[in-house]
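Below is one structure; the comments refer to it alone.
The values are calculated or read from the model by the stated rules, or taken from the named source; none is laboratory data. Predicted model only: the values in this text are computed from it and were never measured. Note that we place each Cβ from the backbone using ideal geometry, even for glycine, and neighbour counts take in every protein chain shown.
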Amino acid sequence: MEIIQKIPVKQILTENSKKQLRDNFYKHKQQLEQECQQLIFEQKKLQNKKGVSKQDIMKRFQPEITKRTDKMKWIEFQIEQLEILPIGSEIVEGEVETLVEVKEGSNWNELFNEKAIIIRDGIVIQIK
């Protein structure tokens, strides 16, 4: 029988990967800022129309604006944490799923011991 197991993908932080992560965070934050500006623009545009309840428009747009501003705060926190991390640190970048063969007599603990894929600057350097 085969079962699916999740394995973390860990990245060893280098100057290059740190810069790339920082750039990705800033790009994502900038995209969220643009989305907020667009939502605010659309909100104001609708509020100026006659026969439309300003309160209904606020209820419709404010949760989306709030969601994006919360994400921007989270990204700012991640940038701060990234600056603190020393070069050589391992950070979890994501997860992948793998199939694991399970048979009668298999050692359960060995099948599920800590496994990981380690990458440095986009290159797999170790599979545990």
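Annotations
Matching residues to (1) of a type outside the set (S, T, N, Q); (2) closer than 30 Å to Glu2 by Cα:
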position: Asp56; (1), (2): yes, no
position: Arg68; (1), (2): yes, no
position: Gln81; (1), (2): no, no
position: Thr98; (1), (2): no, yes
position: Gly105; (1), (2): yes, yes
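- Test: residue in the range 48-61 that is under 30 Å from Gly122 (Cα atoms) and either free of Cβ contacts under 8 Å to residues at least 24 places away in the same chain or surrounded by 12 or more Cβ atoms within 10 Å (Cβ to Cβ) (or both): no
- Residue that is modelled with the highest pLDDT [pool: residues in the range 87-128 that are part of a loop (DSSP other than H, G, I, E, B) and of a type in the set (Val, Ile, Thr)]: Ile87
- Matching residues in the range 94-116 - criterion: being more than 28 Å from the chain's Cα centre (by Cα) and surrounded by fewer than 10 Cβ atoms within 10 Å (Cβ to Cβ): Glu101, Lys103, Glu104, Gly105, Asn107, Trp108, Asn109, Glu110
- When the test is whether a residue is under 30 Å from Ile117 (Cα atoms), not in a strand (DSSP E or B) and not aliphatic (A, V, I, L, M), Lys29 passes it.
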